[in-house]
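Everything on this sheet refers to the single structure shown next.
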Amino acid sequence: MPIVQGKGVDALSFRILADQLGVTPMAVTYHAGTKKQLLSDLVGLAFAGVLEGIKGDTPVERARSIMAKYYGYALKNANLLRAILEDVALMSANLTDVATELKANTDQLENSDGGDVLVHLLIDYAHGFVLSASSGANNPLTIEDYLRGIDWILCRAAGEREALY
């Protein structure tokens, strides 16, 4: 995980991983399978628990909590997010669960589309923000900046014109 988080997916090889683990590349291959399987397993590990501790009494509060938690996981694992965007087969069940839980909450909002448009908008916004926030070492974007946009979207979806937070 540290290799991918720090240097990206392309920096991960069975040889490098074997050197760090003190084993042979064949041992890594035996246990990990293909590089694609290894990346898929890393995605599952990286996003495990993303829905734990979701807070809120209202659908807006829960949706905001989901998006804040997802952003934190995605930012920490931005290189894996890039890999998923290149190959959606790497998507793990816990990421699908994020979309399902988000939809369950956004469907209750006054201006919900009743489909997946709002969910996709929120998730795409998160992905764009993560890619921007992780694009350089001196990037000034913060989670507060991110949540300001999420709040704006959720506010309108809830039928409000004033900020809910």
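What about Asp116, is it more than 22 Å from Gly49 (Cβ to Cβ) and out of contact with any Cys (no Cβ under 7 Å at 6 or more places or on another chain)? In short, yes. Restricted to segment 1-82, the set of helices (runs of 4 or more DSSP H) holding at least 3 residues that are surrounded by fewer than 16 Cβ atoms within 10 Å (Cβ to Cβ) comprises 2-7, 14-21, 25-32, 35-46.
Ser40 satisfies every condition listed in (1) within 11 Å of the chain's Cα centre (by Cα); (2) farther than 30 Å from Glu160 by Cβ except (1).
For the condition surrounded by 12 or more Cβ atoms within 10 Å (Cβ to Cβ), under 17 Å from Tyr71 (Cβ atoms), aliphatic (A, V, I, L, M) and touching a Ser or Thr at 6+ places or on another chain (Cβ under 7 Å), what is the one hit in Leu141, Leu121? Just a single option satisfies the conditions, and that option is Leu141.
Rule-based calculations on the coordinates, nothing more; no lab input. Since we're looking at a predicted model, the values are computed, not measured. Ideal geometry is used to build each Cβ from the backbone, glycine not excepted, and the neighbour counts take in all protein chains shown.
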